[in-house]
Amino acid sequence: MRYLFLAVAMTAASGGAAAQPLTQQEALNEISSESTECFAYYSIANGCMFKIATEEQKRVLQSTSDRASQLSVTFGKATGVSDETLLARTRIALRSMLDMTSKSCLNVAIILEKYAAKCKALLEAPERRLQSLMMNGVESAE
């Protein structure tokens, strides 16, 4: 019982700690990871919307997905991340989101709620996200 109390107390004490600013290298790697999540999000959204979207909507979704992929690779390569790692991140993100939605487009709102705003912000201003990570750390996006 004493150990359980100690574990809970340590968790509570560390939970209030502020996120640590990231180095530029760490921040670039984080943006690469976040961009990979956005690529997975837009890819799934694109797949779910394919039958009902207009040609213009399809073009925008594809363009946005491509932009997220480009950012993931560009920032990943800048930090020395291998192609294998980039592909593994993509597979992990896709699997995670497909699990969240139970592989059904009927449940796509689950990932929409979690990723839409933060992916939009990241793709519109990655430099703003970079500065935020370097000043405030990872929790600044949540």
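The values are calculated or read from the model by the stated rules, or taken from the named source; none is laboratory data. Remember, it's a predicted structure, so these values are computed and weren't measured experimentally. Every residue, glycine among them, receives a Cβ derived from its backbone with ideal geometry; neighbour counts consider all protein chains shown.
Values as computed for the structure displayed
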| quantity | calculated |
| --- | --- |
| Test set (1) within 21 Å of LEU22 (Cβ to Cβ); (2) under 14 Å from the mean Cα position of the chain (by Cα); (3) at pLDDT 95 or above; (4) loosely packed, with under 15 Cβ neighbours inside 10 Å - LYS120 fails condition number | (1) |
| Enumeration of residues in the stretch 79-93 that are of a type outside the set (Asp, Glu) and farther than 21 Å from ILE44 by Cα | THR79, GLY80, VAL81, SER82 |
| Subset of the stretch 81-104 (residues that are under 22 Å from MET49 (Cβ atoms) and either in contact with a Lys or Arg (Cβ under 9 Å, 6 or more places away or on another chain) or outside any helix (DSSP H, G or I) (or both)) | MET97, MET100, THR101, SER102, LYS103, SER104 |
| Hits in the stretch 49-80 (condition: assigned to a helix (DSSP H, G or I), among the charged types (D, E, K, R) and more than 30 Å from GLN24 (Cβ to Cβ)) | GLU55, GLU56, LYS58, ARG59 |
| Qualifying residue in the stretch 62-72 (condition: at pLDDT 95 or above, within 19 Å of the chain's Cα centre (by Cα), within 20 Å of MET134 (Cβ to Cβ) and not charged (D, E, K, R)) | yes |
